[in-house]
């Protein structure tokens, strides 16, 4: 295994341990699947519907990392996706979690108690249709 692959594997393993410890969820690294890859990490509980792409690169390409996470979420049929990006000279707990603004807004507005925008009248989504834990999977077309 080359040095870059070793660094990536080590970061993925560190992220798995951190997420498992902090969330109590079962988390593991996924096997590579070529063009039908479904993300780097797999979990249950609060991570059950997430596609997570872990990146430990010298040059940070946020757009490329997020695009890859979105594509792999589509392959996995996951509702949520994010790139977890290693910060140089920092521990895993200081990694960046990167996602598009529209997805983050959907995430924070998912449940009435969590959507502070509704409380102040700022959320433009219909509260009768966007609340609830069992939203249908995203239509990727």
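The values are calculated or read from the model by the stated rules, or taken from the named source; none is laboratory data. Here the structure is a predicted model, which is why all the values come from computation and not from measurement. Note that each Cβ is placed from the backbone with ideal geometry, even for glycine, and that neighbours are counted across all protein chains shown.
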For the range 27-36, indicate whether the set of residues that are more than 23 Å from residue 105 (Cα to Cα), without any contact (Cβ under 8 Å) to a residue 40 or more places away in the chain and buried (at least 16 other Cβ atoms within 10 Å of the Cβ) is non-empty.
yes
Do we find a residue being more than 13 Å from the chain's Cα centre (by Cα) and under 17 Å from residue 107 (Cβ atoms) anywhere in the range 61-78?
no
Condition check: exposed (fewer than 15 other Cβ atoms within 10 Å of the Cβ) and assigned to a strand (DSSP E or B). Does residue 97 satisfy that?
yes
Of (1) at pLDDT below 90; (2) exposed (fewer than 13 other Cβ atoms within 10 Å of the Cβ), residue 102 satisfies all except one. Which?
(1)
Which one of these is modelled with pLDDT of 90 or more and not in a helix (DSSP H, G or I): 75, 89, 139?
89
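Matching residues to (1) more than 16 Å from residue 93 (Cβ to Cβ); (2) without any contact (Cβ under 8 Å) to a residue 12 or more places away in the chain:
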{"position": "3", "(1), (2)": "yes, yes"}
{"position": "6", "(1), (2)": "yes, yes"}
{"position": "11", "(1), (2)": "no, no"}
{"position": "15", "(1), (2)": "no, no"}
{"position": "18", "(1), (2)": "no, no"}
{"position": "60", "(1), (2)": "yes, no"}
Starting from the range 73-91, take each residue that is at positive phi and list its partners that are at pLDDT below 95 and surrounded by fewer than 19 Cβ atoms within 10 Å (Cβ to Cβ), counting only C-beta distances under 8 angstrom and pairs at least six apart or across chains.
77/137
Among (1) part of a strand (DSSP E or B); (2) at pLDDT below 90 - the single one residue 35 does not satisfy:
(1)
